[in-house]
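Right, one structure below, let's go through it.
The values are calculated or read from the model by the stated rules, or taken from the named source; none is laboratory data. Please read all numbers here as calculations on a predicted model, not as lab measurements. Backbone-built Cβ (ideal geometry, glycine too); neighbour counts: all protein chains shown.
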Amino acid sequence: MPPSDSVQRARRDLGARLRALRTSQGVTGETPGAACGWSSSKISRIETGFSGITATGIRAWTAACGQPEAAPELIAIAEGIQHMYLEWREMERAGLAKAQEHVIPLWDETERFKAYAIDYIPGPLQTEDYTRAVLEGIRTRRGLSGDDLAQAVLTRAAKQKYFKRATFRIVLEEDVLYTRYAEPAVMRDQLARLIQFADYHPSRSRRDVGSPARPGNTGRGSRSGPHTAQSLGGERGDNRGH
């Protein structure tokens, strides 16, 4: 079972920090690999977030890079990621609705939200049909059972209310705009929601980051169009979504 998106992002961030530590000291991947007894492919997987790393591995990595004092902070991050993973697995066993409800107390206390979306549209911006398609996909990929999908969709949709009182800054990558999780009518409605939200915010911006256009087709993972990053940010909004 693959880790949740938040866990995967945290792993990528940790891997990027390990790589930055290594390159800042002029050390190649072979050095921590030799210290830890790892292949170059495993070093690559750790630095790109596809594999985790233990406290022992971090100590060996930082020592090999001549920066052993960096180990405690990195170990704390790695332990936090492991806690996130175990917590999410437990929530998934309890059902998708519980996983959605679990974060509500934290959202209630939060005044500023930031999201960098690399795969799908963040929950607060989703239409209910798009949410249903995303959660159905999660349930299928993770082999989850239960009949709480409808409640999970309603719980996520209720988080629209936070646009009325909190500040959001959301950056969307190309995959968010062009990956199709549902039938065309659902995706059109979702795109209309994004346009509505972007038009509402005076601080919205869009920038092209340069990538060749790709032909589209039907199904999850299909993409088409130029590579863009869409920034939907700034002040409070009264929009519907997650």
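I need every pair where a residue in region 48-76 that is over 21 Å from residue 8 (Cα atoms) has its Cβ under 9 Å from the Cβ of a residue that is in a loop (DSSP other than H, G, I, E, B), sequence separation at least 6 or different chains.
Between residues of region 48-76 that are over 21 Å from residue 8 (Cα atoms) and residues that are in a loop (DSSP other than H, G, I, E, B), the close pairs are 60/37; 64/27; 65/25; 65/27; 66/25; 66/27; 67/25.
Could you check region 125-198 for helices (runs of 4 or more DSSP H) lying wholly inside it with 1 or more residues that are of a type outside the set (Ser, Thr, Tyr) and free of Cβ contacts under 8 Å to residues at least 24 places away in the same chain?
The qualifying helices (runs of 4 or more DSSP H) are 128-141, 149-157.
Hey, any hits in region 57-76 for a residue that's farther than 29 Å from residue 116 by Cα, over 20 Å from the mean Cα position of the chain (by Cα) and hydroxyl-bearing (Ser, Thr, Tyr)?
No.
Of everything in region 163-212, what is at pLDDT below 80 and under 16 Å from residue 118 (Cα atoms)? Give them in sequence order.
Scanning region 163-212 gives 173, 174, 175, 206, 207, 208, 209, 210, 211.
Read through the list (1) at pLDDT 90 or above; (2) more than 27 Å from residue 13 (Cα to Cα); (3) crowded, with 16+ Cβ neighbours inside 10 Å; (4) not small (Gly, Ala, Ser), then give the number of the only condition that residue 155 fails.
Here residue 155 clears every test but (1).
Counting only residues that are within 21 Å of the chain's Cα centre (by Cα), of a type in the set (A, V, I, L, M, F, W, C) and more than 12 Å from residue 62 (Cα to Cα), which one in region 1-34 is modelled with the lowest pLDDT?
1
Condition first: farther than 30 Å from residue 141 by Cβ, assigned to a helix (DSSP H, G or I) and β-branched (Val, Ile, Thr). Can you find one or more residues in region 10-27 that meet it?
Scanning region 10-27, I find at least one residue that is farther than 30 Å from residue 141 by Cβ, assigned to a helix (DSSP H, G or I) and β-branched (Val, Ile, Thr), so the answer is yes.
Might you check whether a residue that is assigned to a loop (DSSP other than H, G, I, E, B) and either of a type in the set (Lys, Arg) or loosely packed, with under 14 Cβ neighbours inside 10 Å (or both) occurs anywhere in region 32-45?
yes
State yes or no: is residue 137 surrounded by fewer than 18 Cβ atoms within 10 Å (Cβ to Cβ) and on the phi > 0 side of the Ramachandran plot?
Against the criterion (surrounded by fewer than 18 Cβ atoms within 10 Å (Cβ to Cβ) and on the phi > 0 side of the Ramachandran plot), residue 137 does not qualify.
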